[in-house]
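Enquirer: Have a look at the structure that comes next, please.
Computed from the coordinates by the stated procedures, all read-outs in this text should not be read as laboratory data. What you see is a predicted model, and the numbers here were worked out from it, not measured in a lab. Because the Cβ atoms are built from the backbone with ideal geometry, glycine has one as well, and the counts that use them run over all protein chains shown.
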Amino acid sequence: MLQRRQLFQFAGVAAVAGAGGATWMYLGAGRSDALAGVPFRHYPFDPVAAENFRQKLFIPVASGPFGVLDVAGPLKIRAGAASFPLLPGRESPFLLYQTEQSGKAYQNPIFRIECGARFTASLDNALAEPTIIHWHGLHTPAAMDGHPASTIGPGGRFAYDFKVSNRGGTYWYHTHAHELTAEQAYHGLASFFLVDDDDQRSVSKALDLQLGITDLPLVIQDKQFDAQGKLLYKPGAHEAMMGWLGDIVLANLTPNAVQAVTPRTYRLRLLNGSNARIYRLAFVKGRTALDFTVIGTDGGLIERPETVAEAFLAPGERLDVLFDAGQAQPGEDIFLKSLAFDAMENEGEGPAGGAGGMPGMGGMGMGRMMASMSSSRLPLGAEFNVLKLSVTAGERIVAKLPVTLSRVKPIRTEGAAQRKIELSMGQMRFLINGRTYHMDEIAFDVKRGAVEIWNISNPTMGMPHPMHIHGFSFQVLERIGSPPQVAAMARFGQGRTVSDLGWKDTVLVWPGETVRVTIDFAHDFPGDQTYVFHCHNLEHEDGGMMINFRVKA
């Protein structure tokens, strides 16, 4: 097994020129204390400088790009290449899902559908490479899930037809093309899939929320651009293994976004649509982190509203929050920030409290060394801004939430089988139970209707992995051995943080940590069903950190 220390001895240390010809300088990574002591060189659209935030946030409307499409019948979806003005005044090549309904055209539509309704659509591949759509978080038959084996070639067509049985919540859809997911998703093939039900309507009514006005879907992504303003995606061996990081942060495809708000409560449906970047989110006024209320996670509303001041959000995860902009006065600004944190891309303690050192590195920590090998100017774990909320005058509206948002029935675990899921690294790639992905290989079988407890363990010599299951949701039972930055947020019993509550389909597992989840494999689909379980660091997924599991009829 080739361990990380050996890998980086082979790889060496690379200094990469910044985009647009900026002079490269070393940026620390890994530990927040190391980051705090390293100067940051500003660049156009960098998210660290608050004064950069002047671009109006893109808000979804009735049609067009990211338009809200209330599904009313069969759809024809076309995946194709286009261009999109991501940076002001510049067009970037982009990949889009295009469809029409009732004479209106949509690009990357936000699908909205009622729980229990049928979703019928055909996908036409107008790309020059294979593709397929995965309905992230939805409970569908395996044949409808967007398994890598379902990938269709250029000019191909795939027919989807399934009942939306999920409870109301913020789900999403994105490409799951075999070994092409990372690049295709990075270039645009993703959007929201919103499911409505009575509980969702009850919350909206109680808070007087309107989608697109006071209820805002917000996808957070980090991108790199070349000097012409075109998206840059060129991972070398290091970034293919660790994950591709951008250095310009987009909120709803808007760099340095700002949104005017009045002193009332807003709902933000936060989606981490990045390939690899983890966010430690907080609403900050000046130097003070303000409270916000979490009402939902991946699989819809949690049982009770929970007030916190920060939360981690990993690739693939969603967090449904309420924020009271009345915590600031008109004329003041609030920033949704990602706070500094220990990225834990290391092998343990090293010189100066940093990650494990290497001979000849002069005491440089492993996390710092890895930052020097990245083409991104914004290291994982750095502090930066995501969105500026500018508070304007308006009527003060104080929200009154119901005590109970929804019923989250705990999965009964008496007699549940225990399964070990061990994350590791070998042969320059990350593994699950010692396996890398093979399309026709079943890692294990599960009996239909069985309840299992998966103990997902990540070695100390590792990096954080957001683990995602297809076809089913789970409940987080416990976190064991969490790093201090996670343990400090664990106010919800058994080491759990607010991001662990309710129904989940993606969970972040830190180095040295074991996360215990329980899954009920009941379903009403005929025959055996084969799904995948993988890391949602998309470079890890494409690199084979994925397995097939089969639910036997």
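Enquirer: List the lysines whose Cα sits under 24 Å from the Cα of LYS285, skipping any in the same chain fewer than 8 residues away.
Expert: Output for LYS285: LYS56, LYS337, LYS388, LYS400.
Enquirer: Also: Straight distance only, please: which lysines reach the Cα of LYS504 with their own Cα at less than 16 Å, same-chain residues fewer than 8 apart left out?
Expert: LYS409
Enquirer: Something else about it: Hey, if you put +1 on the Cβ of every Lys and Arg and -1 on every Asp and Glu Cβ in the chain, which of LEU127, GLY156, THR297 ends up farthest toward the positive end of that dipole?
Expert: Going by the charge dipole, the pick is THR297.
Enquirer: Please state the charge dipole magnitude for the range 417-552, taken about the Cα centre, from unit charges on C-beta atoms (+1 on K and R, -1 on D and E), reported in debye and rounded to the nearest 20.
Expert: In total the dipole reaches around 380 debye.
Enquirer: Still on this structure: Only sites in a loop by DSSP and with at most 16 other Cβ atoms within 10 Å count here; which trypsin sites (Lys or Arg not before Pro) in the range 61-104 make the cut? Can you show the working numbers first?
Expert: Values: sites: LYS76, ARG78, ARG90, LYS104; in loops: ARG90.
Those satisfying the criteria are ARG90.
Enquirer: Same structure, new question: Provide the descending list of Cα extents for the range 64-196 along its principal axes, expressed in whole angstroms.
Expert: Extents along the principal axes, in whole Å: 42, 31, 24.
Enquirer: Further question: Using unit Cβ charges (K, R positive; D, E negative) and no other charged atoms, how large, in debye to the nearest 20, is the dipole of the range 64-196 about its Cα centre?
Expert: For the range 64-196, the charge dipole is close to 240 debye.
Enquirer: Continuing with this model, one more query. Give me the one-decimal Kirkwood hydrodynamic radius in Å for the chain, with the sum taken over alpha-carbon pairs.
Expert: Averaging 1/r across every pair of different Cα atoms and inverting gives 23.7 Å.
Enquirer: Can you compute the charge dipole magnitude of the chain about its Cα centre, using +1 on each Lys and Arg Cβ and -1 on each Asp and Glu Cβ, nothing else charged? Give it in debye, rounded to the nearest 20.
Expert: In total the dipole reaches around 420 debye.
Enquirer: Using the Cα gyration tensor of the range 134-261, with a ≥ b ≥ c the square roots of its eigenvalues, what is the shape: rounded (a/c below 1.5), prolate (a/b larger than b/c) or oblate (neither)?
Expert: Here the range 134-261 falls in the oblate category.
Enquirer: Ok, one more. Select from PRO47, ALA260, LEU96 the residue farthest towards the positive end of the dipole of the chain; place +1 on Cβ of Lys and Arg, -1 on Cβ of Asp and Glu, and compute about the Cα centre.
Expert: ALA260
Enquirer: Taking the Cα centre of each part, how many Å lie between the range 276-338 and the range 69-127?
Expert: 28 Å
Enquirer: For the chain, what is the mean residue ellipticity at 222 nm derived from helices alone (per DSSP H run of n ≥ 4: -39500 (n - 2.57); sum divided by total residues; nearest 500 deg cm²/dmol)? Write down the numbers at each step before the final one.
Expert: Numbers: 8 runs with 51 residues, N = 553.
Rounded to the nearest 500, the figure is -2000 deg cm²/dmol.
Enquirer: While we're here: Which residue, LEU538, GLY471, GLY73, has the largest displacement toward the positive end of the dipole of the chain when charges sit on each Cβ (Lys, Arg +1; Asp, Glu -1)?
Expert: After comparing all options, I get GLY73.
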